[in-house]
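**Q** What follows is a structure written as structure tokens; I'll ask about it next.
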Amino acid sequence: MLKTAIPVLHVRSSVAAEEFYSKQLGFSQDFAYRPFGRLDPCYMGFSRDEARFHVSSFSGDAVAGGVIYLLVDDVDSIHKELVAKGVTIDTGPINQDWGNREMYVKDADGNCIRFTQELE
């Protein structure tokens, strides 16, 4: 039985990832695994509401420039929250031809977080 899929994004700096995902995007850091007593390499988990994902600065874990597609109830409220925190919005909010309202933000490594609201 399959339960859930947890995407993994590659980052160069765990410190920059913690700053972006926790302080700017409002995710909780669930864990950080730093086995060598240094800041990097590091493997971390983040969550917010029902969404979870991991980031890794270990060589061979994922490739920078990945995408996480997050379904949300209200893209515009997320947009307002992130703008208030000074987050640079890459795209949107915009109504797409395929029936979604979407907004994209990118981290320092080019990983894209797509906040998506399904329209009626």
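Rule-based calculations on the coordinates, nothing more; no lab input. Please read all numbers here as calculations on a predicted model, not as lab measurements. Please note: Cβ atoms are built from the backbone with ideal geometry, for glycine as well, and neighbour counts cover all protein chains shown.
**Q** Tell me, which residue of segment 1-47 that is in contact with a Gly (Cβ under 6 Å, 6 or more places away or on another chain) and without any contact (Cβ under 8 Å) to a residue 24 or more places away in the chain is farthest from F115 (Cα to Cα)?
**A** Step by step, filter segment 1-47, then rank; the result is F31.
**Q** If you don't mind, there's one more thing I want to ask. From (1) surrounded by fewer than 16 Cβ atoms within 10 Å (Cβ to Cβ); (2) more than 12 Å from F115 (Cα to Cα); (3) aliphatic (A, V, I, L, M); (4) under 15 Å from the mean Cα position of the chain (by Cα), pick out the condition that doesn't hold for I89.
**A** I89 satisfies all of (1) surrounded by fewer than 16 Cβ atoms within 10 Å (Cβ to Cβ); (2) more than 12 Å from F115 (Cα to Cα); (3) aliphatic (A, V, I, L, M); (4) under 15 Å from the mean Cα position of the chain (by Cα) except (2).
**Q** Same structure again: I89 - would you say it is over 24 Å from F31 (Cβ atoms) and touching a His at 6+ places or on another chain (Cβ under 9 Å)? Break it down stepwise before answering.
**A** Working: over 24 Å from F31 (Cβ atoms): yes; touching a His at 6+ places or on another chain (Cβ under 9 Å): yes.
In short, yes.
**Q** Hey, another quick one. Pairs only if they're at least six apart or on different chains, beta carbon under 6 angstrom, first in segment 81-94 and closer than 21 Å to G65 by Cα and touching a residue at least 12 places away in the same chain (Cβ under 8 Å), second basic (K, R) and surrounded by 13 or more Cβ atoms within 10 Å (Cβ to Cβ); list them, first residue then second.
**A** Every condition considered, the pairs that remain are D90/K106; P93/R101.
**Q** Kindly establish whether Y33 is surrounded by 14 or more Cβ atoms within 10 Å (Cβ to Cβ), touching a strand residue (DSSP E or B) at 6+ places or on another chain (Cβ under 6 Å) and either of a type outside the set (G, A, S) or at negative phi (or both).
**A** no
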